[in-house]
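K.L.:
One structure is given below, represented as structure tokens, and several questions about it will come after.
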Amino acid sequence: MPLILKKNIDNDCILGLWEIKETLLDFSKLVNLCDDENQLVNSFKCEDRKIEWLSVRALLKELAGQPLKIWYTPERKPYIVNSNYNISISHSNKLSGILISRNHRVGIDLEFMSHKIEKIEKKFIGNNEYITIDPLKKHLHLYIHWCAKEALYKICDKQDIIFKTNIFINHFEPQYEGKIIGKVLTKNINEEFVLSYFCYDNYIIVYTMK
């Protein structure tokens, strides 16, 4: 069972990572689904999408210690049915991640660090945001920015937020683990957040809670 991380944060939040190595048959033995969940997962045409979806349910079962049902609002925000847990979900390539909390809003994003991020830099980095010119660090720096903005987008319920103009990451020098400050500014939101980040293999994981 490839649960690779279960971490308690501030006595309330639980962060989990699952490295996908199972087949569809393996997950059918790990996760018991109700009828509407079976209908949803069977509607996915791609087997990898089904496996990814099931990995999140298996991970939540491990973190919460019991099987729980994840469903979605009309805005595609996940929630746990009949539970007071807040949840944020992310997945990329062969890694799935969840952050849950009973008393905090939560946001998590993880990405497999391919070489595509430089091509979209201008779409999500604001004019006043700092990105290192060091070619050995720039790739990592951009991914931390991207994941941080995704995590903030999720914790703010995806409310009319544009990455480049509504989310700002304070100046920082990229490391393989650290904390950064992010701000979300819209006509309805004016909030500052502390985000934590770390690397696992070729993935970057960023999370926040408030």
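K.L.:
Which of (1) surrounded by 13 or more Cβ atoms within 10 Å (Cβ to Cβ); (2) of a type outside the set (A, V, I, L, M); (3) closer than 30 Å to Asp160 by Cα does Arg76 not meet, given it meets every other one?
P.N.:
Evaluating Arg76 over (1) surrounded by 13 or more Cβ atoms within 10 Å (Cβ to Cβ); (2) of a type outside the set (A, V, I, L, M); (3) closer than 30 Å to Asp160 by Cα leaves (1) as the failure.
K.L.:
Would you check if there is a residue in the range 21-31 being at pLDDT 95 or above, in a strand (DSSP E or B) and either among the polar types (S, T, N, Q) or within 21 Å of the chain's Cα centre (by Cα) (or both)?
P.N.:
No, the range 21-31 contains no residue that is at pLDDT 95 or above, in a strand (DSSP E or B) and either among the polar types (S, T, N, Q) or within 21 Å of the chain's Cα centre (by Cα) (or both).
K.L.:
Condition first: part of a loop (DSSP other than H, G, I, E, B) and either of a type in the set (Phe, Trp, Tyr) or crowded, with 17+ Cβ neighbours inside 10 Å (or both). Now tell me which residues in the range 60-73 satisfy that.
P.N.:
Matches in the range 60-73: Leu68 only.
K.L.:
Ser55 - would you say it is farther than 30 Å from Leu140 by Cβ and not aromatic (Phe, Trp, Tyr)?
P.N.:
Spelling it out, it is not the case that Ser55 is farther than 30 Å from Leu140 by Cβ and not aromatic (Phe, Trp, Tyr).
K.L.:
Would you be able to say whether some residue in the range 53-64 is at pLDDT below 95 and either farther than 17 Å from Ile89 by Cα or touching a Ser or Thr at 6+ places or on another chain (Cβ under 7 Å) (or both)?
P.N.:
No: the range 53-64 contains no residue that is at pLDDT below 95 and either farther than 17 Å from Ile89 by Cα or touching a Ser or Thr at 6+ places or on another chain (Cβ under 7 Å) (or both).
K.L.:
Under the condition of being in contact (Cβ under 8 Å) with a residue 24 or more places away in the chain and outside any helix (DSSP H, G or I), which residue from the range 32-46 is surrounded by the most Cβ atoms within 10 Å (Cβ to Cβ)?
P.N.:
Leu33
K.L.:
With of a type outside the set (Lys, Arg), outside the structural domain of Asn8 (by TED's automatic domain parsing), farther than 27 Å from Lys7 by Cα and touching a residue at least 12 places away in the same chain (Cβ under 8 Å) as the only criterion, which of Glu129, Glu191, Glu177, Glu173 stands out?
P.N.:
Glu129
K.L.:
Starting from residues that are surrounded by 12 or more Cβ atoms within 10 Å (Cβ to Cβ) and assigned to a loop (DSSP other than H, G, I, E, B), keep the ones in the range 2-20 and report whichever is modelled with the lowest pLDDT.
P.N.:
Out of the qualifying residues, it is Pro2.
K.L.:
Do any helices (runs of 4 or more DSSP H) entirely within the range 76-179 hold 3 or more residues that are under 17 Å from the mean Cα position of the chain (by Cα), farther than 19 Å from Glu52 by Cα and aromatic (Phe, Trp, Tyr), and if so, which?
P.N.:
Fully inside the range 76-179 and qualifying: 138-155.
K.L.:
Also: In the list Arg49, Arg57, which residue meets the criterion of being under 26 Å from Phe112 (Cβ atoms) and either surrounded by fewer than 16 Cβ atoms within 10 Å (Cβ to Cβ) or among the acidic types (Asp, Glu) (or both)?
P.N.:
Going through Arg49, Arg57 in turn, just one is under 26 Å from Phe112 (Cβ atoms) and either surrounded by fewer than 16 Cβ atoms within 10 Å (Cβ to Cβ) or among the acidic types (Asp, Glu) (or both): Arg49.
The values are calculated or read from the model by the stated rules, or taken from the named source; none is laboratory data. Since we're looking at a predicted model, the values are computed, not measured. Note that we place each Cβ from the backbone using ideal geometry, even for glycine, and neighbour counts take in every protein chain shown.
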